[in-house]
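Here's the structure, in structure tokens; my notes come after.
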Amino acid sequence: MQNNTFPTLFVGQSIQKLTEIDSTNNFLKLMLSNYGPPANGTVIMADHQTAGRGQYGNKWLAPAKKNLTVSFFLKTDFVLATNQFNLNKAISLAVHDCLTHFFTEDCKIKWPNDIYVGNKKIAGILIENRLQGKYLRDSIIGIGLNVNQTEFYDVNHAISMCLITKQELDLQKVLEILCVALEKRYLELQAGKNLDKEYLQNLFRFNIPSLFRCNEDVFEGRITDIDNMGRLVIESGNINRNFNIKEVSFVL
Ligand code: BTN
């Protein structure tokens, strides 16, 4: 473990840097089961992940030493399990805050918690919660942030900070800004601040007529809200429809 000089109270005060690991989320999970919870805000980062995980069982691929592949351990025992999407909102806003510290290009949160610049993904978030009764207990927040990668297998759908700013960024500096942003949003969540307005203000395609796919059906609608359960509310033909995470996708 390395002690840091980041200007935070707890997020990133303890950082473990790994050269290579299957997945930083897996590593934190193993730490939890072998040694119990580490200090709140502990960070695990890896130069390279050999089996990085994305949402819905997808893989997260990133070249060694180019991007941030990092997991945060956060105590979330003040979040009701039924309100757990509020945690997603806080984390998405934190990643958004971090990115907009470095550039002014249009950066949006693509529901539920991807971060996009234009129509291209710049960051992905994988949150894994442990429950305790009606509340969360703690959470592993995995973040993959494209920082200095310049070549992508899928150039039409991926982008990096470096491609936007036209200069290489210092990964340690990006991590510092991310830790500061995460701590700020975490403390807001803990204090009971309602983040709905800010989440909607920064939501990809909010209130913009767009095409969506549900099963094989493509329909036009516009996002009007996120409901209490974190479902996407799309108004289509004057009717509001609420969609769970796997039930709808954007037609980009
Ligand atoms: C997604 O967009 O599907 C989520 C991607 C999350 C990737 C990060 S990289 C660090 C952490 N470790 C993992 O195995 N996954 C997350």
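No lab work stands behind these numbers, since they all come straight from the coordinates. Just so we're clear, the structure is a prediction, and the values are computed from it rather than from any experiment. A quick note on method: Cβ atoms are made from the backbone with ideal geometry, for glycine too, and the neighbour counts reach across all protein chains shown.
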> Expressed as a rounded percentage, what relative contact order does segment 103-209 have, with Cα pairs under 8 Å and six or more residues apart?
Replying inline: 23
>> Using DSSP H assignments, which helices in the chain have an axial alpha-carbon span of 20 Å or above and a mean Kyte-Doolittle hydropathy of -1.0 or higher?
In response: 85-102, 171-190
> Once you sort the root eigenvalues of the Cα gyration tensor of segment 210-250 as a ≥ b ≥ c, which label holds: rounded (a/c under 1.5), prolate (a/b larger than b/c) or oblate (the other case)?
Replying inline: oblate
> How many Lys pairs in segment 44-151 lie less than 23 angstrom apart by Cα atoms, where the lysines are 8 or more positions apart or on different chains?
Replying inline: 21
> Hey, what number do you get for the chain at 222 nm if only DSSP H runs of n ≥ 4 count, each worth -39500 (n - 2.57), divided across all residues, to the nearest 500?
Replying inline: -7500 deg cm²/dmol
> What is the local net charge at Phe85, summed over the other residues whose Cβ is closer than 13 Å to its Cβ (Lys, Arg +1; Asp, Glu -1)?
Replying inline: -1
> If Lys and Arg each add +1 and Asp and Glu each add -1, what is the summed charge of the other residues whose beta carbon sits under 12 Å from the beta carbon of Leu178?
Replying inline: 0
> Mean projection of the alpha-carbon convex hull of the chain over all orientations, in nm²?
Replying inline: 13.6
> Dividing the alpha-carbon Rg of segment 74-164 by 2.2 N^0.38 Å yields what?
Replying inline: 1.21
> How do Ile44, Ile239 rank when sorted from fewest to most other Cβ atoms within 10 Å of their own Cβ?
Replying inline: Ile239, Ile44
> Can you list residues whose amide H is under 5 Å from Asp225's amide H, if they're 5+ apart or on another chain and H is modeled 1.01 Å from N?
Replying inline: Val233
> Sorted by average packing, counted as other Cβ atoms within 10 angstrom per residue and highest first, what order do 182-189, 170-177 take?
Replying inline: 182-189, 170-177
> What aspartates and glutamates could a cross-link reach from Lys184, if we take a straight Cα to Cα line under 19 Å and drop same-chain neighbours fewer than 8 places away?
Replying inline: Asp77, Asp97, Asp138, Glu176, Asp196, Glu198
> Taking 0.36 nm per residue of separation and subtracting the Cα-Cα distance, what length does fully extending Ala158 through Asn244 add?
Replying inline: 28.5 nm
